[in-house]
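Asker: First, the structure itself, so that you have it in front of you.
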Amino acid sequence: MKDSSPDRVFIFDTTLRDGEQSPGFHLDANSKLRIARQLEKLGVDVIEAGFPISSPGDFEACRRIAREIRGATITALARAVPEDIDAVWGSIKDAEDPQIHIVLSVSDVHIQRKLGMTREQVLRRGAEMVAYARSMCDKVEYSPEDAGRADPAYLVETVETMIGAGATVINIPDTTGYCLPHEFGALVGRVIKEARGSDKALFSVHCHNDLGLAVANTLAAIEAGARRVECTINGIGERAGNTSLEEVVMLLKVRQSKLGLECGVETTQITRASRLVSELTGTPVQPNKAVVGANAFAHASGIHQDGVLKDRLNYEIMKPEDVGLSDSRIVLTARSGRHAFHHRLDRLGVKLAEGGDDAAWQRFLQLADTKKEVTDEDLRKIAAMSETNGHVGNGHPPVTDQLHDHNHVADAMRHLIFG
Ligand SMILES: [Zn+2]
């Protein structure tokens with residue numbers, strides 16, 4: 001249903017399935033629906049709503065999402081058994097554009113130790129289940145689980161068998177987050193090149209972040225010809241999580257001229273999506289997280305602040321507005337410079353008293369040395385003192401002469417400034 005030009009990368013969001021499997025996470029149907037509505041605004045191409053066989057609650061959540069959400073393909077996960085496939089179809093068949101997603105292992109480790117089957121049995125089972133799913137639904141995705149650790153020749157055989165059986169999307173997962181980017185790119189490239197019928201299927205990838213390489217591996221796969229990526233908001237998911245949606249999307253946007261690829265995501269909805277997922281899962285985003293961390297657009301050092309205030313291009317490769325933030329954050333700390341100090345006072349609409357400039361700056365520095373961040377409230381108080389006193393200290397000797405211990409200085413400063 002979406003444009004299928006070769007330079008388009010389709011975004012498949014699995015926040016509600018793989019993301020919801022994060023240890024300690026649980027989303028009820030209402031929470032899932034709220035996230036799905038935000039994913040609709042974000043403009044993702046595919047929403048994986050859940051794993052309907054797992055519980056009646058999840059079945060119901062998938063059904064409500066399929067009935068309400070428009071503009072995206074709705075899918076849900078099934079193991080390669082008829083009961084799972086029936087549950088998926090039962091829950092998503094009312095969607096505008098439904099897709100059944102089947103997962104079955106392909107690595108010898110999984111085939112032997114998890115399934116207790118042979119390679120031939122796995123091929124037969126997979127093909128039968130793909131055909132069964134296709135008897136109900138036009139779109140069937142097949143994920144050979146643990147492809148990253150599989151024998152590539154057997155993976156190729158699996159992929160051509162499943163395309164032959166009717167799979168319309170082949171998703172190559174690095175289930176354990178084990179691959180290196182050049183290895184994973186080469187694997188995906190080889191499968192696309194060698195599997196007969198690969199031109200009839202859309203190739204997708206699903207990377208895990210156990211070694212911090214999920215986004216890098218996803219990018220390598222895109223460069224090798226994959227055109228759909230599975231990812232989650234805030235990178236949540238099993239263990240160390242999945243490819244982070246916001247990182248892949250902004251990577252495609254910021255480096256568009258180099259990569260020549262695009263996606264349909266409305267990037268200004270990213271921050272809202274990130275905050276909603278964080279709130280509903282009760283899990284904060286790490287402050288230094290790329291794109292959506294609280295510090296992703298915050299500048300603390302005086303050199304950087306001065307540079308950003310002169311021209312953002314000095315230290316920003318993307319605009320905060322592009323991800324739905326109102327502005328960069330200039331964090332006032334003891335490392336900030338006077339330029340940032342005055343910038344923040346101006347934005348607060350606070351004017352310093354005539355001649356009160358140096359005194360206010362000294363007050364700021366002394367306070368900044370005692371705490372992590374000087375807030376707007378602190379600034380207002382500093383400015384208010386500059387009006388009433390004109391200079392720091394109000395006739396008292398400098399606090400640093402009175403006390404040497406840092407904590408005492410801190411206490412004394414708070415007392416001096418805020419009474
Ligand atoms: Zn996964």
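The values are calculated or read from the model by the stated rules, or taken from the named source; none is laboratory data. It should be emphasised that the depicted structure is a prediction, and the values quoted were computed from it without experimental measurement. Reconstructed Cβ throughout: ideal geometry from the backbone, glycine too, with neighbour counts over all protein chains shown.
Asker: Listed residues D311, D306; which is modelled with pLDDT under 90, crowded, with 17+ Cβ neighbours inside 10 Å and not assigned by TED's automatic domain parsing to the domain that holds E246? Give the steps one after another, and end with the answer.
Answerer: Working: D311 fails: crowded, with 17+ Cβ neighbours inside 10 Å.
The conditions single out D306.
Asker: Out of S274, S278, report the one residue that is within 18 Å of I236 (Cα to Cα), hydroxyl-bearing (S, T, Y) and touching an Asp or Glu at 6+ places or on another chain (Cβ under 9 Å).
Answerer: Details: S278 fails: touching an Asp or Glu at 6+ places or on another chain (Cβ under 9 Å).
Within the list S274, S278, the selection yields S274.
Asker: Looking at region 119-141, can you tell me whether even one residue there is over 25 Å from the mean Cα position of the chain (by Cα), of a type in the set (V, I, T), within 15 Å of the ligand (Cβ to nearest atom) and surrounded by 19 or more Cβ atoms within 10 Å (Cβ to Cβ)?
Answerer: Step one: list which residues in region 119-141 are over 25 Å from the mean Cα position of the chain (by Cα), which gives 119-140.
Adding the requirement that they be of a type in the set (V, I, T) leaves 122, 130, 140.
Imposing the further condition that a residue be within 15 Å of the ligand (Cβ to nearest atom) reduces the set to none.
No - not one qualifying residue is present in region 119-141.
Asker: Could you figure out which of (1) away from the ligand (no atom under 16 Å from the Cβ); (2) closer than 22 Å to V285 by Cβ; (3) part of a strand (DSSP E or B); (4) hydrophobic (A, V, I, L, M, F, W, C) isn't true of A36?
Answerer: (3)
Asker: Would you check if G282 is under 23 Å from I102 (Cα atoms) and either more than 16 Å from the ligand (Cβ to nearest atom) or not charged (D, E, K, R) (or both)?
Answerer: Taking the combined requirement at face value, the residue does not satisfy it.
Asker: How many residues does region 266-275 hold that are of a type in the set (A, V, I, L, M) and either at pLDDT below 95 or out of contact with any Ser or Thr (no Cβ under 9 Å at 6 or more places or on another chain) (or both)? Before you say what the answer is, go through the steps one by one.
Answerer: Let us first name the residues in region 266-275 that are of a type in the set (A, V, I, L, M), namely 270, 273.
So of that shortlist, the ones also either at pLDDT below 95 or out of contact with any Ser or Thr (no Cβ under 9 Å at 6 or more places or on another chain) (or both) come out as 270.
Residues flagged as of a type in the set (A, V, I, L, M) and either at pLDDT below 95 or out of contact with any Ser or Thr (no Cβ under 9 Å at 6 or more places or on another chain) (or both) within region 266-275 amount to 1.
Asker: While we're looking at this one, here's another question. Could you say which residue among G241, G225, G237, G166 is over 21 Å from A76 (Cβ atoms) and of a type in the set (G, A, S)? Steps first, answer last, please.
Answerer: Values: G241 fails: over 21 Å from A76 (Cβ atoms); G237 fails: over 21 Å from A76 (Cβ atoms); G166 fails: over 21 Å from A76 (Cβ atoms).
Unique residue meeting the criteria: G225.
Asker: Would you confirm, using the coordinates I've provided, whether E262 is closer than 26 Å to I35 by Cβ and away from the ligand (no atom under 16 Å from the Cβ)? So that I can check it myself, show each step before the final result.
Answerer: Numbers: closer than 26 Å to I35 by Cβ: yes; away from the ligand (no atom under 16 Å from the Cβ): yes.
The answer is yes for E262.
Asker: May I ask you to list pairs of residues, at least six apart or on different chains, whose Cβ atoms are under 6 Å apart, with the first in region 53-79 being assigned by TED's automatic domain parsing to the domain that holds Q99 and the second being outside any helix (DSSP H, G or I) and of a type in the set (D, E, K, R)?
Answerer: A66/D94; R67/D94; R70/E96; T73/D97; T75/E48; L77/R17
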